[in-house]
Amino acid sequence: MAKILLVDDDSDIRILLSELLRLRGYDVEMAESAEDAIQKLRLMPYDIALIDLKLPNMSGDELMEYFKIHQADTQLIIMTGFPSLDTAITALRLGAFDYLTKPFTDTDAIYAVIENALEALKVKRESRKQQRDMEVRFQQLKEVDKTKEILSNIIVEGLSVPVGNIRTTIDFIASKYADELPSELQGIIETLQDESERAFHIVRRLGDILMMEDKQLYLNFTSVDLEEIVYQAIREFSQSKIGERQILMECDSAISEVEADKDILLDIIRNLLSNAVKHTPGKGVIELKTRYLKDKKEIMVTVSDRGPGIAPMYQHKIFEKFGQTELKRAGLKVETGLGLPFCKLAVEAHKGRIWVESLPGKGSAFNFTLPVSQK
């Protein structure tokens with residue numbers, strides 16, 4: 001039941017209006033002055049306050065100011081015997097929801113104003129609840145992100161040295177005792193080399209990501225020959241790594257040099273190629289193209305695969321540090337590595353852009369841009 005406070009110094013109006021509202025099922029309290037109303041406000045909240053503008057000692061608009069400070073949720077409705085456009089403007093300026101005109105001859109109009117005010121109050125309260133829920137959820141997400149950040153730092157600090165030592169030890173065994181080991185052990189050593197190399201790069205990549213997020217990774221910008229970097233990245237993908245897949249390259253002859261950190265740029269292209277290889281089946285083709293966007297003074301690099309593709313609703317997630325893990329838990333076949341999150345941060349550190357164009361079953365095209373050298 002809605003609670004209504006009726007404030008008017010005219011006892012006849014108070015009694016008449018309170019009876020009309022009680023007949024409608026409302027819980028009505030009466031006050032004969034602003035001071036009386038304030039005393040009642042201190043005891044309980046009200047959904048609606050009907051306030052006469054012309055009150056003794058303390059005016060109706062002063063009482064409205066009190067409501068706005070102490071009971072901001074209450075819907076305020078002004079009562080006046082002098083209706084005009086100026087009255088309406090004044091009421092709204094003071095924060096009133098609406099106003100009623102004395103004498104009260106149209107009961108349907110009174111009920112309509114009250115019901116509209118209650119509906120608006122309901123919407124306001126639901127909106128506030130949703131906002132509170134969103135704030136709670138946002139705080140929870142911040143706590144989750146903080147926990148992930150702490151875990152990431154623990155992983156980097158705790159695993160960097162042991163993973164590096166394992167990798168070095170396995171490489172030493174492979175080089176020193178390769179000829180003395182049985183063939184089955186040689187296969188095991190090769191597998192251990194591959195896996196330790198993979199673990200080493202994951203830990204290193206996570207460290208790079210954390211440093212880039214904290215803006216602590218120093219980039220050594222120089223004028224870089226993009227075509228040379230592309231060739232170098234492709235050469236690293238030996239036949240044993242790509243199987244029967246093909247990597248086709250097409251470089252725009254109009255491209256000038258780019259301002260970039262050579263090692264980081266090589267890592268970006270290397271990661272995109274690795275991602276394409278993983279998602280291109282059988283005898284599929286991977287394409288690496290460069291283009292000069294003259295109007296934007298940018299170069300664009302595109303790495304296309306023939307993989308399963310990515311639905312639009314999930315495309316932003318693959319560039320998030322933990323987004324791919326979330327997608328995998330959702331049942332999607334994606335890599336849970338850190339290559340794409342690294343690429344995003346690295347490209348943005350170069351003042352560039354990165355995005356994917358993809359449709360399920362149609363493959364994916366990963367694009368990034370970098371500004372061209374102005375030298």
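The values are calculated or read from the model by the stated rules, or taken from the named source; none is laboratory data. Computed from a predicted model, the values in this text were never measured in an experiment. As a convention, Cβ positions derive from the backbone with ideal geometry for all residues, glycine included, and neighbour counts pool all protein chains shown.
Tabulated data for the structure shown
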| item | result |
| --- | --- |
| Among the candidates 150, 89, residue that is at pLDDT below 85, in the same structural domain as residue 51 (by TED's automatic domain parsing) and either within 23 Å of the chain's Cα centre (by Cα) or over 21 Å from residue 21 (Cβ atoms) (or both) | 89 |
| Condition met for residue 269 (part of a loop (DSSP other than H, G, I, E, B), surrounded by 17 or more Cβ atoms within 10 Å (Cβ to Cβ) and either at positive phi or among the aliphatic types (A, V, I, L, M) (or both)) | no |
| Subset of region 231-253 (residues that are surrounded by 12 or more Cβ atoms within 10 Å (Cβ to Cβ) and assigned to a loop (DSSP other than H, G, I, E, B)) | 236, 237, 243, 245, 251, 252 |
| When residues of region 291-310 are limited to those that are hydroxyl-bearing (Ser, Thr, Tyr) and within 16 Å of residue 343 (Cβ to Cβ), the one surrounded by the most Cβ atoms within 10 Å (Cβ to Cβ) | 304 |
| All positions within region 287-301 that are of a type outside the set (Phe, Trp, Tyr) and over 14 Å from residue 231 (Cα atoms) | 291, 293, 294, 295, 296, 297, 298, 299, 300 |
| Selection status of residue 285, of a type in the set (Val, Ile, Thr), modelled with pLDDT of 80 or more and buried (at least 17 other Cβ atoms within 10 Å of the Cβ) | no |
| Residue pairs meeting the criteria (Cβ under 7 Å; at least 6 apart or on separate chains; first surrounded by 15 or more Cβ atoms within 10 Å (Cβ to Cβ), in region 17-32; second of a type in the set (Asp, Glu)) | 32/9 |
